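Chemist: The structure that follows is given in the form of structure tokens.
The values are calculated or read from the model by the stated rules, or taken from the named source; none is laboratory data. No experiment lies behind these values; they were computed from the predicted model shown. Cβ sites come from the backbone with ideal geometry, for glycine too, and all protein chains shown count toward neighbours.
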Amino acid sequence: MKKIYLFFIIFSFYAAFSQNVKTPKESVSKIKIIDAEIKKYKTSAASDPVAATKKLQQLKEQCETIHYTNGAMTSSMGLVLLYYNEGNYKKTIEESRFVEKYAKELEAFDYVSDIYRMRANAYGEMGLLDECLKELEKSLINIDDIKSPNRRIYRKSLIYESYAGVYEKKNDIKKQIFYRQKSIISSYQIPGNEPVTINAKYQNLAYQYASLGLIYSNLKVNDSAKHYFEKALEIHESDKVDIYVNGKAILLSDMAKFYNDNGEYHKAIFFAKRAENFERQVSMPYIRKGIYHTLFSSYIETNKQDSSKYYSKLYMHLSDSLLKSEKESLITPVKQIISDNEHENQTTIKKILMVSVLAFGVVVFIGWLYWRRKNRFIHRKYKDLIAKINAKQEEQELELQDISRNNGTKSSVSITDDTVRALLLKLEKFENSEKYLRKEVSLTWMANSLSTNPKYLSEIIKIYREHNFTSYINELRINYIIKKLYENPVYREYKITYLAEECGYATPRVFVSAFKKETGFAPSYFVEQLKASA
């Protein structure tokens, strides 16, 4: 059964607020008349909600016309509570936007907190629990700005009640009981002995006791359920407090269901009929639905078939009507949620976009500078290579250096002068023979080819060519393909795979890596530049 909390008690709190607000340029007497009218119809809302709704709407429009913001706020809040209590959550949410606007203009923090809570409860009744919790969080934050202790503490007790309602829908019994107990504790902390304060305090206490009774009833802990139900009923029937009729209707309906579930059907009928009489005065369709269900069920068990059929028809008709209303009322708040989220996120999104665009621009600019600098560096290397190729190459005979001196400073292996001379001559012939292009070239293979041992050969290459064996072969191969590309345009049309094969590399990847290491740029860049300058 949907539970409708009793918000009418807060009407009397709001009347005092209007006295501290600047009035528009209208006569003070006219403002007083409007305030009196608003108070009158808010007070009569429980007994005649239809007339109260019509009149409060008229008063709201009148206040807007004369720019009396406080009057517009209080009358609009009355409409919110009326819509909520009749189960029209669509109108509750729509009207709450007006109250929020007025309350923020006037810095009426009690209204700001209440309207977030009201909106939260409307979302909660519709099953939109995430939105409900967001609104409750806003409500709890805003109560700190309320100066009056009794208003502040009372609102805290109502917020705890709303949290309990959320966890009721989430079927979290522990948290539900926890927040209801917190609401009870807060209610007992409300100071003052004024009638308004006392009514507010016991209104909430009665509801929390009734709710705990319902919880324990569902848990089949009947002693605790009966205890809390009776505590709630005691408050409702007390002459010391003025509890609203709708609260009594809810309590009696729950007690009727409790006795029906426990087989005490005559008691169930007794409390359900009392609940039906009170509900007629305030019109709460979801409560009425529960009352009808209890009555037709209890009458069946007491063999009163006619009464059972009568209430069964009423129950089915009302259920269909409420289901249709729920479907229709769901459309507007869902759209409003989307609109609110878009509005709240719009500024953030714009900032993120601006920062992102700026950051992207900086990254692109830095990237462009890096690319430009790198290209200049590569192109300079390319020009150096071309200059080297174009330079006149003088035929030089290999100058044999003073072997004894070199051996003293570089060689770690004892090699005779004759052996060194012989190996250098063989190296020169090897370099001119292009045997280095063979894929099977290795230090051992080359040593055998030159009739020496790998150790001597490696040392001679290290001292007189200033390379290890691998880099020595790479230099010969890359210089070979550079010459081919420079002198023969046909080579520029070949794919990298063929060029790699041509100069003895097993894979293009190894060839490209060796080329970049020798020149500072990729073979593709070299080919592009040669084509461009042709």
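Chemist: Show the residue pairs meeting these rules: Cβ distance below 6 Å; 6+ apart or different chains; first residue within the range 194-223 and over 14 Å from L158 (Cβ atoms); second residue modelled with pLDDT under 90 and of a type in the set (S, T, Y).
Modeler: V196/S12
Chemist: Another question about this same structure. Out of (1) aliphatic (A, V, I, L, M); (2) within 18 Å of N479 (Cβ to Cβ); (3) at pLDDT below 85, the odd one out for I415 is which?
Modeler: So I415 meets the others, but not (2).
Chemist: Between a first residue in the range 92-119 that is within 19 Å of Q58 (Cα to Cα) and a second residue that is buried (at least 24 other Cβ atoms within 10 Å of the Cβ) and of a type in the set (S, T, Y), which pairs have beta carbons less than 7 Å apart while being 6 or more apart in sequence or on different chains?
Modeler: E95/S76; F98/S76; V99/S76; V99/Y111; Y102/S76
Chemist: Assuming R405 fulfils every condition listed in (1) at pLDDT below 65; (2) surrounded by 14 or more Cβ atoms within 10 Å (Cβ to Cβ); (3) part of a helix (DSSP H, G or I); (4) of a type outside the set (D, E) apart from one, which condition is it?
Modeler: (2)
Chemist: Could you tell me which residue of the range 46-88 is surrounded by the most Cβ atoms within 10 Å (Cβ to Cβ), considering only residues that are in contact (Cβ under 8 Å) with a residue 12 or more places away in the chain and charged (D, E, K, R)?
Modeler: My answer is K60.
Chemist: Another question, if that's okay. Which residues, counting only those in the range 44-59, are part of a helix (DSSP H, G or I) and either under 19 Å from D110 (Cα atoms) or in contact with a Phe, Trp or Tyr (Cβ under 6 Å, 6 or more places away or on another chain) (or both)?
Modeler: A52, K55, L56
Chemist: Right, something else. Which residue pairs have Cβ atoms under 8 Å apart, sit 6 or more places apart or on different chains, and have a first residue in the range 424-445 that is more than 28 Å from Y498 (Cβ to Cβ) and a second that is surrounded by fewer than 17 Cβ atoms within 10 Å (Cβ to Cβ) and hydrophobic (A, V, I, L, M, F, W, C)?
Modeler: Hits for this filter: L424/L398; L424/L400; L425/L398; E428/L398.
Chemist: On the given criteria, is T23 of a type outside the set (F, W, Y), at pLDDT below 85 and surrounded by 15 or more Cβ atoms within 10 Å (Cβ to Cβ)?
Modeler: So T23 passes the test.
Chemist: Restricted to the range 89-124, and to residues that are closer than 19 Å to A46 by Cβ and out of contact with any Ser or Thr (no Cβ under 7 Å at 6 or more places or on another chain), which residue is surrounded by the most Cβ atoms within 10 Å (Cβ to Cβ)?
Modeler: D114
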